[in-house]
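The values are calculated or read from the model by the stated rules, or taken from the named source; none is laboratory data. What you see is a predicted model, and the numbers here were worked out from it, not measured in a lab. Virtual Cβ from ideal backbone geometry, glycine too; neighbours counted across all protein chains shown.
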Amino acid sequence: MELTFAQQSTAFLCSLVFGAAAGLLYDIFKIIRMTLCKGKASVFVTDFLYVFIVSLNLFIFSVAYMLGFFRVFVTVGSFLGFVICRLTLGRLLSLVYCPMIRFTESVCVKILQKIKKNLKKLLKNSNNILYNEGKNKGIFRNDNNNSAEKADSFEDEKKHKEREGLLEAKRRAFFFFLLFFPIKS
C-alpha cells in the first residue's frame, strides 16, 4: 500500500515535532550529565540511555505513521527537528540552566569547604586526639596545666580505657568523613 502525499507530509511534520522533542530530551539529559555525571563511564551510560530511548521512539513512530516501513524523510525530518531545536530553544535554555548549575556547584563547594575546615578545627582542638601517636605513645594533655602525663600514671585504669575508646571513635568518625568528603589541596 502506497502512502498519499498528504500522509507523507503529515508524517514529515510529525517527525519534525518528534525531532524537537528529542532535542528537549537531550537538554534534560545534558542537565543530568552536568550535575551528576563526572566520570567517563557515567557520561557513556547517559548517552547510551538517550540514544536507546530516542531510537526506540523513532521505531515506534515509524511503525505508527509509516505502516512499519522505513522512510528516509522521517529520519531526515527528525534530524532537522532536533537540529532546529538545539540551535534555537536549546541555546536559550542553556543560557538559563548552565549558569544556575555552575552557581549551585560553587555554593555547594564553598559550604563543604567550610564544613571540612570547621570539623578539622574541632578535631584538632579536641583534648582527646593524639597526633603523631607513634612518637608519643600513651601521652595525653592534662586539662589543668597542659603538661603531659604518662598513660600509666592515671589513677583509674577505667578512665584511661574510656579515653582510648573515645579517641578511637573520633578517629573513625574523622576518617569516615574524609572518605566521603576528601580535602582538596
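Structural remarks
- Against the numbered list (1) without any contact (Cβ under 8 Å) to a residue 12 or more places away in the chain; (2) of a type outside the set (F, W, Y); (3) not in a helix (DSSP H, G or I), S106 comes up short only at (3).
- A search for C-beta distances below 8 Å between a residue of segment 110-129 that is closer than 17 Å to R171 by Cα and modelled with pLDDT under 75 and any residue that is of a type in the set (A, V, I, L, M) and not in a helix (DSSP H, G or I), counting only pairs 6+ apart in sequence or on different chains, returns L123/I129.
- Residue, farthest from S78 (Cα to Cα), within segment 3-13, restricted to residues that are surrounded by 13 or more Cβ atoms within 10 Å (Cβ to Cβ) and of a type in the set (A, V, I, L, M, F, W, C): L3
A quick yes/no check of all residues on (1) surrounded by fewer than 17 Cβ atoms within 10 Å (Cβ to Cβ); (2) touching a Leu at 6+ places or on another chain (Cβ under 7 Å); (3) in contact (Cβ under 8 Å) with a residue 40 or more places away in the chain; (4) more than 20 Å from G90 (Cα to Cα):
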residue	(1), (2), (3), (4)
S15	no, no, yes, no
G19	no, yes, yes, no
I28	yes, no, no, no
L36	yes, no, no, no
T46	yes, no, no, no
F52	yes, no, no, yes
L58	no, no, yes, yes
Y65	no, no, yes, yes
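- Look at segment 161-177: where a residue is farther than 15 Å from L122 by Cβ, no partner that is at pLDDT 75 or above and in a helix (DSSP H, G or I) sits 6+ places away or on another chain with Cβ atoms under 6 Å.
- Scanning segment 92-111 for residues that are surrounded by 11 or more Cβ atoms within 10 Å (Cβ to Cβ) and among the hydroxyl-bearing types (S, T, Y) gives S94, Y97, T104.
- Filtering segment 71-86 to residues that are hydrophobic (A, V, I, L, M, F, W, C) and either in contact with a strand residue (DSSP E or B) (Cβ under 6 Å, 6 or more places away or on another chain) or surrounded by 11 or more Cβ atoms within 10 Å (Cβ to Cβ) (or both) leaves F73, V74, V76, F79, L80, F82, V83, I84, C85.
- Residues in segment 25-40 that are in a loop (DSSP other than H, G, I, E, B) and within 25 Å of N57 (Cα to Cα): C37 only.
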